[in-house]
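Trainee: Below is a structure I'd like to ask you about.
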Amino acid sequence: MSKVLVTHSYFYKFDPKQWNTGQPYPPLGTLYACSYLKSKGLTVSFFDTNLADSTEEIIPLLESEKPHYLVIYDDSFNYLSKMCLTKMREAAFRISELGKEHNCLVIVSGSDSSDQYEKYLDNGTDFVITGEGEITLSELIKSIDAGADNFEHIDGIIFRRNGITVRTKKREILHNLDTLPFPAWDLVNMDRYKNIWINQHGYFSLNIATTRGCPFKCNWCAKPIYGTRYNSRSPGNAADELEMLIKKFDVSYFWFCDDIFGLKPGWIKEFRDIVKQRGLKFRFKIQSRVDLLLKEDTIEALYESGADTVWIGAESGSQKILDAMDKGTTVEQIYEATQKLKKKGIKTAFFIQLGYLGETKEDIHQTITMIKDLLPDDIGISVSYPLPGTRFYDIVKNDLKIKTNWTDSNDLAMMFHSSYSPDYYRKLHHLIHGIYRYNKGVKVMKSFITNPLNQNFSTLKAALSSFYYLPWVFIDYIRLWIIRIEL
Ligand code: SF4
């Protein structure tokens, strides 16, 4: 029986911003690949790069296991893998080289290898898997094991024959996700993750996916693995996994890493009913869209299921920019959904994107106003990042000559000609964070003054932070003025 060593190429320690948050999540997509291969009778071992210090840490496993196959299978549920960061690509290349040095056949699957497959093949990768990978991977390994020398019949792979790159037919997506085995959680060194979470946050959180794909068409959003179809596990199947994880690993908080949580009509309500019936107690965070949150009693059902935080792709406070992105939502919906979530006590967090094509000072003002008006509980600010396969990328691809990918998730380089300079956006990024923190501090300060008995240490800390941020906000405005663009 062939031995398969499965790994991936994301290292938290190569991405200081993420490492410093102290919120590592096991590579869910990779664990799905492991469990699927195991269910097909293959002997699977796993090397988790997430918390490793170096690519070379895989060597002892290559030496002891002597695997026939080395599979670098990225976690395509995690947005960090979807960012196609060059530090992780370099890591994938090095791991692939180590695999070749140990006589492995190397197979790679992920967003970056799907986009840049020629680079991976040049580096010695034998096969690149495109699209949803579990079935493709298993078919490929079985076929090689059976001695095949022709692989055109296997959908969803790219390889070279006689120096010519061959790409087979697109792999049909999986419709019934309940047929998949649960991720191979048993292969994870859970204590390492748990210790980090407990030490830094006082609770343990794991990730879970209930869907694959997203049918919306925001024109900068790349979906190279699960695409624009949307398939969902049944609420009962998802609850089975949650129940197992709570019992086995004492998890109290989940990140549902779906692009869109509970898009299918009635899904969230059915999920809520099952969670209540089984008496499952946990908090969770999701990603959603404001238009969907406002449908029927979705917010109520989220609240009753234990929702803690909803991350919203707010992107911009300018309707013109939302329309240019083909976002399909309105600024009014952002206001309404945020207010309704707040009323229910559910935290709201905004993804904000600066620098989209055609953005003016007026659009930036509207975004700042929206943030000040709504003061979400958290905020993630980024700049537009053209990824292959998107309409946005096609528009700006001629600009992408020197740099085409971010180095790590804090890179935030503007790689195309936007309205203002890259330096301007770097300063603006800092300024908006400062304005946000300052206004949050002021709000807490006000509630501190009006209701001093109902406060605790963390609210005192938040209130005092406004004193810290005020001078920074002032300095940032000056810096922007210096580069001669007044807000
Ligand atoms: S809704 Fe989210 S996942 Fe879907 S296309 Fe838009 S940004 Fe991408």
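The numbers here are math on the coordinates, done by the rules we state, and not lab data. Treat the numbers as computed from the prediction; the structure is a model and nothing was measured. With ideal geometry, Cβ positions are generated from the backbone for all residues, glycine too; neighbour counts draw on all protein chains shown.
Trainee: Quickly work out the E332-to-K13 label distance, labels modelled 7 Å from Cα along the C-beta direction, and quote it in nm with one decimal.
Mentor: Reported label-point gap for K13 and E332 is 5.3 nm.
Trainee: Could you go through the stretch 159-166 in sequence order and give the Karplus-derived ³J(HN,Hα) for each residue, using 6.51 cos²θ - 1.76 cosθ + 1.60 with θ = phi - 60°, rounded to whole Hz, and x for Gly and Pro?
Mentor: 8, 10, 10, 6, x, 9, 6, 10
Trainee: Residues with amide H under 5 Å of Q353's amide H, sequence separation 5 or more or different chain, H placed in the peptide plane at 1.01 Å from N; which?
Mentor: E315, S316, S382
Trainee: Ok, one more. What lysines sit close enough to K446 to cross-link, taking a C-alpha to C-alpha distance under 20 Å and skipping anything fewer than 8 places away on the same chain?
Mentor: Of all the lysines, those that pass the test against K446 - Cα under 20 Å, at least 8 places apart if same chain - are K342, K343, K347, K372, K461.
Trainee: How large is ³J(HN,Hα) for each residue in the stretch 129-145, as worked out from phi by the Karplus curve 6.51 cos²θ - 1.76 cosθ + 1.60 (θ = phi - 60°), to whole Hz, x for Gly and Pro?
Mentor: 9, 10, x, 4, x, 4, 5, 4, 4, 5, 4, 5, 5, 4, 5, 5, 4
Trainee: So for the pair T86, Q319, with labels modelled 7 Å out along Cα→Cβ, what separation do we get in nm?
Mentor: 4.1 nm
Trainee: Need the list of aspartates and glutamates near K40 for cross-linking: C-alpha distance under 15 angstrom, and skip anything on the same chain fewer than eight residues off.
Mentor: Once the sequence-local aspartates and glutamates are set aside, what remains near K40 is E134, E139, D145.
Trainee: Between the DSSP loop rule and a limit of at most 14 other Cβ atoms within 10 Å, which GluC sites (Glu not before Pro) in the stretch 118-187 are left?
Mentor: Those satisfying the criteria are E152, E172.
Trainee: Could I ask something else about it? Would you please give the residues with an amide H less than 5 Å from that of V251, counting only those at least 5 places away or on a separate chain, with H modeled from the backbone geometry?
Mentor: I246
Trainee: What FRET efficiency comes out for T43 versus E118 if R0 is 41 angstrom and r is the Cβ-Cβ distance? Round to the nearest 0.05. Provide the component values of the computation, followed by the final result.
Mentor: Working: r = 32 Å, r/R0 = 0.77.
Between T43 and E118 the formula returns 0.85.
Trainee: Could you calculate the contour length gain from I475 to K3, that is, 0.36 nm times the residue separation minus the distance between their Cα atoms, to one decimal place in nm?
Mentor: Values: separation 472, 0.36 × 472 = 169.92 nm, distance 5.85 nm.
The I475-K3 span can extend by a further 164.1 nm.
Trainee: Gap in Å between the Cα centre of the stretch 16-31 and the Cα centre of the stretch 181-245?
Mentor: 12 Å
Trainee: Which cross-chain or sequence-distant (5 or more) residues have an amide H under 5 Å from the amide H of T348, H modelled 1.01 Å from N in plane?
Mentor: V310, D377, D378
Trainee: Show which aspartates and glutamates lie in cross-link reach of K295 when reach means a straight Cα distance below 13 angstrom and same-chain residues fewer than eight apart are skipped.
Mentor: List returned: E336.
Trainee: Between Rg and the Kirkwood Rh of the stretch 120-173, both from Cα atoms, what is the Rg to Rh ratio?
Mentor: Taking Rh as the inverse mean 1/r over Cα pairs, Rg/Rh reads 0.93.
Trainee: Tell me whether the chain comes out rounded, prolate or oblate; compute the Cα gyration tensor, take square roots of the eigenvalues as a ≥ b ≥ c, and use a/c under 1.5 as the rounded threshold. If you can, show how the numbers build up before the last one.
Mentor: Details: a/c = 1.79, a/b = 1.41, b/c = 1.27.
The shape class here is prolate.
Trainee: Taking the beta-carbon count within 10 Å as an exposure proxy, list K340, K446 from fewest neighbours to most.
Mentor: K446, K340
Trainee: Cysteines without a disulfide-compatible partner in the chain, using Cβ under 4.7 Å as the rule?
Mentor: Unpaired cysteines in the chain: C34, C84, C104, C214, C257.
Trainee: Another one. Starting from the stretch 1-65, pick out the chymotrypsin sites (Phe, Trp or Tyr not before Pro) whose DSSP state is loop and whose Cβ has at most 10 other Cβ atoms within 10 Å.
Mentor: Values: sites: Y10, F11, Y12, F14, W19, Y32, Y36, F46, F47; in loops: Y10, F11, F47.
Hits after loop and neighbour filter: nothing returned.
Trainee: How do 429-439, 414-424 rank on mean C-beta neighbours within 10 Å, highest first? Before the final figure, lay out the partial values.
Mentor: Working: 429-439: 19.5, 414-424: 17.4.
The most tightly packed comes first, giving 429-439, 414-424.
Trainee: Order these by the 10 Å Cβ neighbour count, fewest first: C84, C214. Before the final figure, lay out the partial values.
Mentor: Values: C84 24, C214 20.
Least crowded to most crowded, the residues run C214, C84.
Trainee: Note the per residue figure in Å³ for the convex hull of the C-alpha positions in the stretch 1-123.
Mentor: 94 Å³
Trainee: Give a residue-ordered list of calculated ³J(HN,Hα) values for the stretch 460-466 (Karplus: 6.51 cos²θ - 1.76 cosθ + 1.60, θ = phi - 60°; whole Hz; x for Gly, Pro).
Mentor: Using θ = phi - 60°, the values come out as 5, 4, 4, 5, 5, 5, 4 Hz.
Trainee: Within 13 Å, Cβ to Cβ, of A462, how many net charges do the neighbouring residues add up to if Lys/Arg are +1 and Asp/Glu are -1?
Mentor: Numbers: positive: R437, K440, K443, K446, K461; negative: D377, D378.
Surrounding charge for A462 is +3.
Trainee: If you rank D394, D377, D15 by fewest surrounding Cβ atoms within 10 Å, what's the result?
Mentor: Listing D394, D377, D15 from fewest to most nearby Cβ atoms yields D394, D377, D15.
Trainee: Determine the equivalent ellipsoid of the stretch 203-401 by diagonalising the alpha-carbon gyration tensor, then write out the semi-axes as square roots of 5 times the eigenvalues, largest first, rounded to whole Å.
Mentor: Equivalent ellipsoid semi-axes, largest first: 31, 20, 14 Å.
Trainee: OK, next. Roughly how many debye, to the nearest 20, is the charge dipole of the stretch 3-167 about its Cα centre, given +1 on each Lys and Arg Cβ, -1 on each Asp and Glu Cβ, and no other charges?
Mentor: Charge dipole of the stretch 3-167: 80 debye, to the nearest 20.
Trainee: Taking the simple approach of a point 7 Å from Cα along Cα-to-Cβ for both R192 and R160, what is their distance in nm?
Mentor: That separation, rounded to one decimal, is 3.3 nm.
Trainee: Separate question: Volume per residue, Å³, of the convex hull around the alpha-carbon atoms of the stretch 420-487?
Mentor: Spelled out: Cα convex hull of the stretch 420-487, divided by residues, is 70 Å³.
Trainee: Of K38/K82; K100/K217; K401/K440; K247/K440; K38/K248; K142/K264, which ones are farther than 32 Å apart at the Cα?
Mentor: From K38/K82; K100/K217; K401/K440; K247/K440; K38/K248; K142/K264, over 32 Å: K100/K217; K401/K440; K247/K440; K142/K264.
Trainee: Still on this structure, I have one more. Between the stretch 315-385 and the stretch 40-92, how far is it from one alpha carbon centroid to the other, in angstrom?
Mentor: Using only Cα atoms to place each centre, the spacing works out to 36 Å.
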